1. If Asp27 passes every condition in (1) modelled with pLDDT of 95 or more; (2) farther than 29 Å from Tyr105 by Cα; (3) not basic (Lys, Arg) but one, which one does it miss?
2. Do you know which residues across the stretch 79-112 are within 24 Å of Thr59 (Cα to Cα) and in contact with a helix residue (DSSP H, G or I) (Cβ under 7 Å, 6 or more places away or on another chain)?
3. Report yes if some residue within the stretch 219-231 is within 20 Å of Gly156 (Cα to Cα), more than 16 Å from ligand 2 (Cβ to nearest atom) and surrounded by fewer than 22 Cβ atoms within 10 Å (Cβ to Cβ); otherwise report no.
4. Which of the residues belonging to the stretch 209-230 are part of a strand (DSSP E or B), touching a helix residue (DSSP H, G or I) at 6+ places or on another chain (Cβ under 7 Å) and over 21 Å from Ala31 (Cβ atoms)?
5. Do we have Glu79 as closer than 30 Å to Gln241 by Cα, within 16 Å of ligand 1 (Cβ to nearest atom), in contact with a strand residue (DSSP E or B) (Cβ under 7 Å, 6 or more places away or on another chain) and not aliphatic (A, V, I, L, M) here?
6. Which condition from (1) within 12 Å of ligand 1 (Cβ to nearest atom); (2) farther than 27 Å from Ile95 by Cα; (3) not aromatic (Phe, Trp, Tyr) is the one that Gly222 breaks?
Amino acid sequence: MTDLHKLAAVLDEAARTGRAVPRPEQDYGVADAYRVQEELIRLRLERGDRLAGVKLGFTSEGKRRQMGVHDVIFGRVPESSAILDGSYADISGFIHPRVEPEVVYLIGRRIASPGDALAPGAVAAVAAGIEVIDSRYEDFRFSLPDVIADNTSAAGYVVGPWQPYDPSRWNLGVVLEIDGRVVQTGSTGAILGDPRRALAEAVRLALQAGMVLEPGWVLLAGAATPAEPLVPGARVRAEIQHLGSVSFTASVSESASASASASASASESASAPGPTTPGASAETPGVSGVQGASERPGTSGEES
Ligand code: OOG
Ligand code: MG
């Protein structure tokens, strides 16, 4: 357990500095992994961050096959990781970020049991979203407990305009574009076979983690398609049929790129193409909020 305590600190440091860490050598199970995740989040909340909601991962076969992991996982979404729709987001603090399209639900009432998930008003609204994931492990490789401990690779999220929730519209086309080119297509029906199951599943996993879902929180239902590498300058757009679209552009601050090139020795070999800018200091503004809760990432138009 002491080692698991240490793992939370190591993962927290990796996220704050943008330096990948090796997978833990020690064996541990899913229950311990959720304890590490809780501790990791506690460290962030202690620095003044807040929870914006929760997320599911590996809800689609496309994601499970891409990552070689075969169970649905639950993570927590820090407020500081929000990226504004349509904004420029500094990605210099990330290790090897990837993007994926998400269905995002807005929780309408306190949900303390799986039965409550079916009550009227449980979902207040729905939107197309994009999640930025950035495993803190080298080469973006991990076991199921590893990725749970690492808060399911959560690093950033963008929510498009909220739409009224119509549960009859559940099997909707999904498109992910980078620089205007379609890079992934899928269907929201790939999410747990029916995305309407996502809320009950999130409630179940939240309860196991000792949490209830609060009104105003977001729920990221899990990507319907595999993720794509996020590189500086990329304009990312996701569109979901009937739900509209959401986008952001990845930028890198000049000071961060300068400091990154000055510390090439610290570079890390990620399998995913992407910015490896571990030289960026912990104070570098970034979209992930990993630099601290005072960051308000995703400021629109901060770069031309
Ligand atoms: C874990 C995060 C999975 C999803 O939507 O399936 C996830 C990862 O792929 O590194 O967020
Ligand atoms: Mg996701």
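The values are calculated or read from the model by the stated rules, or taken from the named source; none is laboratory data. Worth saying up front: this structure is predicted, and the values here are computed from it rather than measured. Every residue, glycine as well, gets a Cβ built from its backbone with ideal geometry; the counts of neighbours run over all protein chains shown. Surface areas here come from the heavy atoms of the whole protein model, side chains and all, with no ligands, DNA or RNA. Shrake-Rupley method; radii C 1.70, N 1.55, O 1.52, S 1.80 Å.
1. Going through the list (1) modelled with pLDDT of 95 or more; (2) farther than 29 Å from Tyr105 by Cα; (3) not basic (Lys, Arg), Asp27 breaks only (1).
2. If the condition is that a residue be within 24 Å of Thr59 (Cα to Cα) and in contact with a helix residue (DSSP H, G or I) (Cβ under 7 Å, 6 or more places away or on another chain), then His96, Val103, Tyr105, Ile111 are the ones that fit.
3. Yes, some residue in the stretch 219-231 is within 20 Å of Gly156 (Cα to Cα), more than 16 Å from ligand 2 (Cβ to nearest atom) and surrounded by fewer than 22 Cβ atoms within 10 Å (Cβ to Cβ).
4. Leu219, the sole residue that qualifies.
5. When the stated conditions are applied, Glu79 does not pass them.
6. Tallying (1) within 12 Å of ligand 1 (Cβ to nearest atom); (2) farther than 27 Å from Ile95 by Cα; (3) not aromatic (Phe, Trp, Tyr), Gly222 fails exactly one: (2).
Table: residues versus (1) assigned to a helix (DSSP H, G or I); (2) buried (at least 16 other Cβ atoms within 10 Å of the Cβ); (3) free of Cβ contacts under 8 Å to residues at least 24 places away in the same chain.
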{"residue": "His5", "(1), (2), (3)": "yes, no, no"}
{"residue": "Ala8", "(1), (2), (3)": "yes, yes, no"}
{"residue": "Leu11", "(1), (2), (3)": "yes, yes, no"}
{"residue": "Ala14", "(1), (2), (3)": "yes, yes, no"}
{"residue": "Gln26", "(1), (2), (3)": "no, no, yes"}
{"residue": "Ala31", "(1), (2), (3)": "yes, no, yes"}
{"residue": "Gln37", "(1), (2), (3)": "yes, yes, no"}
{"residue": "Leu40", "(1), (2), (3)": "yes, yes, no"}
{"residue": "Asp49", "(1), (2), (3)": "no, yes, no"}
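Matching residues to (1) under 17 Å from Ala227 (Cα atoms); (2) open to solvent by 10 Å² or more (accessible area, probe 1.4 Å); (3) among the small types (Gly, Ala, Ser); (4) not in a loop (DSSP other than H, G, I, E, B):
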| residue | (1), (2), (3), (4) |
| --- | --- |
| Leu45 | no, yes, no, yes |
| Gly53 | no, no, yes, yes |
| Val69 | yes, no, no, no |
| Phe74 | no, no, no, yes |
| Ser80 | no, no, yes, yes |
| Ala89 | no, no, yes, yes |
| Ile95 | yes, no, no, no |
| Pro101 | yes, no, no, yes |
| Ala117 | no, yes, yes, yes |
